[in-house]
Every structure is written in structure tokens, then in C-alpha cells.
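Read the structure below first, then the notes.
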Amino acid sequence: MAVFMTLNRIGGPLEAEDRPIPSPGPGQVLVKVRACGVCRTDLHVVDGDLPGPRVHVVPGHEIVGDIVQAGAGVSLAPGTRVGVPWLGQTCGHCVYCQAAAENLCDAPKFTGYDIDGGYAEYAVADANYCFELPAALDDLHAAPLLCAGLIGYRSLRMAGEGRRVGLFGFGAAAHLIAQVAVWQGREVYAFTRDEDVAARSLALRLGARWAGSSSEPAPVPLDAAILFAPVGALVPQALQSVRKGGVVVCAGIHMSDIPAFPYRWLWGERVIRSVANLTRQDAREFLALAVTANVVPEVEAFPLASANLALSRLRRGEITGAAVLVP
Ligand SMILES: [Zn+2]
Ligand SMILES: [Zn+2]
């Protein structure tokens, strides 16, 4: 038997359930969880914000664990330490999968949403969507890379090559991608909630050129802005902070409504775009880059049994960096 923190009712809280340890089917692995990051998406899962809300699911899609059993046809050997991200499975034959855009697959399965995730002692995953983790990354510090890092990385790529990058919302994803951007020689401008002094000082410590409240205007015209905060009202604001031709990337899976704004704020070939999910190629690239660029997450660890506490602290903006559950 093992413990699975399960969402049985939209709105939560998660309930600790004792259940038999599952067996991996063909192509699957059974992973003994060593750490699992807590992502804002987990709050959206708990709150039923995502399409077709799910219940009786175990959240968690930043899983670090050891393979303890491999199903038929799996080449990864027991004992291998792997990461299991949000993209749990894709169909392999829709137009998006065929076009190397599996992040947009028409029939995907997501870890911690369609498939039980890592808020547990054990998880079963499709071996083709797991990644061997570089030895340089310990469990606690590898976990946040698996979504916050990956989505942040994809967002930074979509933001283009511009030098001046604004990050709106300086939590798990932003604090990782700020390190990559600084390493790439870019200037980072961090925008946080008014009261979030801790996030601003973290941003400056990580090499941001400027950190301020998101109610302030940007100190210089930005080449791009990435929104990690799930606040639609920040979209027009970010748009006003970017220069002509600049890009605003919305990185979250869910956001409050975007208020109307004058067309001239978009005029000048400014672009607003979203970033959805990840591809396995993103994961391979980013995990290697994280080692090269020495990306070090700021981590707060919680015991698995305190998953609800970690979620409520994240909801209240009380996590600096990333929260990670440890069974
Ligand atoms: Zn597909
Ligand atoms: Zn996530």
C-alpha cells in the first residue's frame, strides 16, 4: 500500500488515500517518487478551472523518481532516475503530432490531470514521456525544472531574441528562466505584486536589472514580456511596456479575462501569443541547458502529507521560488 494525495472534490482539499501500489502496463514504468514540484496548474486543477474538470485524480506533474518496475517493451531499466512532466502522452498521429508540435496534440493526456501524478509515493508513467535526469541535479532541485523550467524555457524562446525581457509574476517559472536569460546576456525586468518584496529581492539576487511592482510602468521599453501571473489585466499592461514589434507571451494555462484595450496598444506589429504545454524536445533541450547555465531553483520543501498547505501557500503568494513535495 502507498499514499496518494487525491482530489475527490473540486475545490479540494486533497485527501490522503491508502491504495495498492499500481503495476505498470506495457510501455509504462512504475516510479517511486523522490520529489514532486508544486505548480500553479495544480491549483487550477484543484479549482476546476481547466476544461472538463477532473476529480479522483492525483495532481503533480514535476515528478522526480526512481523506476522500480518496467512494463513490457520498456528500455529504461529499474533504478534509473527519471523526470515525469505535464505532457504524459500524445496520440502520435494528429496533424500537430505529425508536425513536431506535440504540445498541441488533439488527444493528449496530461500528468496529474488525465493520469495520476506525483503527489504520491508512487506513480505510473508512459516510459516514452519520461526523461533521464542529469546527475548534476539533485531531486529537490530537479523537480521545479520539469514544468516551471520547461514552460519558462518555451516561453523565453517564443519571446524571441530581444535583449530586454520583462517577467510579470516572479514565481517558480520566472525565477528559473530569469537565470537562463541572464546567462544568455539579456536584461531581466521583474514585475511582482505590490507587496511581494521577497520576490523582488530574489529577482535582483538572480541578476535582474530591475525589479518593481506590476502596477509601475517599465523603466525602459521592453523587447518582450512574459506573463506568468494568471492575471488577464496584466496583458494590456505588458503590451504597453513592449516596443514596436515586441512580443507578449502568456505562459499560463489559465488566466482571468483580458480587459478591453485600445487597438493602438497592439498597433506597431506588437504580438500577443500564448504558450501551451511542452514538447519532449523542449524537455531535452532545457534539462541540458539548465546544467550548462547552472540554473539553481530556490526551493521550499514540504512533506507529502502537507500538500494542501503547500497549495494554499502558493495560492496566497507565500512561496518564494518553488515548492516541492517530498514523500
Ligand atoms: Zn496528437
Ligand atoms: Zn506545471
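Just so it is clear, none of the values below were taken in a lab; they were calculated from the coordinates. The shown structure was predicted, so the numbers you read here are calculated from the model rather than taken from an experiment. Here the Cβ positions follow ideal geometry from the backbone for every residue, glycine too, while neighbour counts run over all protein chains shown.
Going from the fewest other Cβ atoms within 10 Å to the most, the residues C39, C130, C91, C105 appear in the order C91, C105, C130, C39. For the chain, dividing the convex hull volume of the Cα atoms by the residue count gives 125 Å³ per residue. Under unit Cβ charges (Lys, Arg +1; Asp, Glu -1), what dipole magnitude, rounded to 20 debye, does region 1-63 have relative to its Cα centre? With only Lys, Arg, Asp and Glu charged at Cβ, the dipole is about 180 debye.
Basic side chains Lys and Arg get +1 at the Cβ, acidic Asp and Glu get -1 at the Cβ, and with that the dipole of the chain about its Cα centre reaches some 880 debye. In plain terms, the residue of D42, D49 with the fewest other Cβ atoms within 10 Å comes first and the most crowded comes last, giving D49, D42. May I ask for the angle, rounded to the nearest 10°, between helix 148-158 and the longest principal axis of the chain, with both axes built from Cα atoms and the value confined to 0 to 90°? Tilt of helix 148-158: around 40 degrees. From the Cα gyration tensor of region 55-154, with a ≥ b ≥ c the square roots of its eigenvalues, which class applies: rounded if a/c is under 1.5, or else prolate if a/b is larger than b/c, or else oblate? Rounded, since a/c falls under 1.5. Once both labels are positioned 7 Å from their Cα atoms along Cα-to-Cβ, the gap between A107 and E269 label points is 4.1 nm.
Taking the longest Cα principal axis of the chain as reference, the axis of helix 172-183 is set at about 60 degrees.
Taking square-rooted eigenvalues a ≥ b ≥ c of the alpha carbon gyration tensor, is region 149-274 rounded, prolate or oblate, where a/c under 1.5 means rounded and, failing that, a/b exceeding b/c means prolate? Rounded is the answer for region 149-274, as its axis ratio a/c remains below 1.5. Ranked for footprinting exposure by Cβ neighbours inside 10 Å, fewest first, K109, K244 give K244, K109. Calculated from the alpha-carbon coordinates, region 163-213 shows an Rg and a Dmax of 9.4, 29 Å respectively.
Look at the dipole of region 1-111 built from charges on Cβ: of A70, V45, A35, the Cα furthest out on the positive end belongs to A70.
Residue separation of A100 and Q281 scaled by 0.36 nm, minus their Cα-Cα distance, works out to 64.3 nm of gained length.
For region 1-128, rounded, prolate or oblate, judged on the Cα gyration tensor with a ≥ b ≥ c (square roots of eigenvalues), a/c < 1.5 rounded, else prolate if a/b > b/c? Because a/c hits 1.5 or more and a/b fails to exceed b/c, region 1-128 counts as oblate.
Among L137, N8, A178, which residue has its Cα furthest toward the positive end of the charge dipole of the chain, with +1 on Lys/Arg Cβ and -1 on Asp/Glu Cβ? Of the options given, the answer is A178. About its Cα centre, region 149-274 has a charge dipole of approximately 380 debye under the convention of +1 per Lys or Arg Cβ and -1 per Asp or Glu Cβ, with nothing else charged. Of all DSSP-defined beta bridges confined to the chain, some 50% are antiparallel rather than parallel.
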